[in-house]
Structures are given as C-alpha cells and as structure tokens.
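What follows draws every value from the coordinates through simple rules; no lab data is involved. None of the values given here were measured: they were computed from a predicted structure. Virtual Cβ from ideal backbone geometry, glycine too; neighbours counted across all protein chains shown.
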Amino acid sequence: MVNLQDVEDESFISDVFLNIHKILNSEAASVNAAGGEVQLVEQDNGNQWIGAYPENYIEEGGEFPLGIISTPNSSDVRRGFRFTEEFYTFQIHVFARRAEHPALFISKAWNALKQFEDELAEVGLYNLGHEQTNNDMTMRGEMKVHSMSMPITVRKTRGGCDR
C-alpha cells in the first residue's frame, strides 16, 4: 500500500516528487529480464529510485542499474478569467550496463504511475501523460552505460473545476 499525500500550494514541487518517488520505489524497483529479476541499486537511504545522480558515481563509478527522478518543473496556463491549470513536468531516467534494462524499468515505472492514476487524482494530480523517450549510450572508461529517459507531465487544476 502506497500512502500518497495531498499536493499543497506551499509545497507543491516537493509533494509531487514525494508522491512519484513513493510509487516508483514501491512498484518499479525491479524488472524481469532475460537473465532473471533485476533490481535497481539500493542506495544508502534504502531507496532504489533517487532524486539525483550520485556524486560518487561521477568520480568513482558505481553499480548499475540506477533509477533517477528529476525534480518537477512547474508551469501555469490561464484558461479563462478564473481558471488556471498548473502543470508539473519531471523526467525519469534509468542507467544500466545492459541495453535492455533501461527500457524495461521505464516501461514498468510508467505502468506503475498509470495504475496509481486514481490515487494521484485523490491528492490533486490529474491527466498523467508522457512525451517521447530518449535513449543514449556512453562510455565510462571501458564500460558501456545505456540510458533511457521519459518526460512525464501531470496536471493540477485550480479555479473553476477540479478535473
């Protein structure tokens, strides 16, 4: 059971992040791949999905796969005299040594968020959607690191109606 919290005006960015973080850590921390179950690397704080690329990975390298949720960006769109829609956009990123792992984790994360659409609506977040995914491969010394990211948008409506 994932307990989500209401998205409050005074803490909306951290509330959106916290809710997404709870869902992904609970529902999308492992996938079934060709070689069996694969888990995201658990960090020191016990989370698999984290809010930033770990600094020690930049200097020392680290274990993979790694799941990252970016801090949400917020934007308002006025839709009339007393009606404003507020949008939150964040990205989920997965970095892995095996090429198929990022797509599996991104797919599972998206499906987990879709499964929680009703619960997200109860705390004030509606119309979950995503844009085109991005794939990449980089070399870290002799090691290939494959990555995929997916921009996700969710809406909070203020004013004339709540959906």
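Side notes on the structure shown:
- Model label sites at Arg155 and Ser75, defined 7 Å from Cα along the beta-carbon direction, differ in position by 1.4 nm.
- Proximal charge balance of Asn3 [Cβ under 10 Å; K/R count +1, D/E count -1]: 0
- Surrounding net charge for Pro72, when Lys and Arg each add one and Asp and Glu each subtract one, Cβ distance under 13 Å: 0
- The slack between Asn135 and Gln39, meaning 0.36 nm per residue of separation minus the straight C-alpha distance, is 32.6 nm.
- DSSP bridge pairs, segment 11-159: antiparallel proportion in percent, nearest 5: 95 percent
- The Rg/Rh ratio of the chain, with both radii computed over alpha carbons and Rh defined as the Kirkwood radius, is 1.01.
- Highest-MSF residue in the chain out of Thr71, Thr153, Thr84 [GNM, Cα springs under 10 Å]: Thr84
- When Val77, Val41 are arranged by Cβ crowding within 10 Å, least crowded first, meaning fewest neighbours, the order is Val77, Val41.
- The mean sequence distance of close C-alpha pairs (under 8 Å, at least 6 residues apart), as a share of the length of the chain, puts its relative contact order at 23 percent.
- Lysine pairs with alpha-carbon atoms under 21 Å apart, segment 11-159, spacing 8 or more or separate chains: 4
- Inter-probe distance in nm under a simple model that places probes 7 Å from Cα toward Cβ, at Ser30 and Ile13: 3.5 nm
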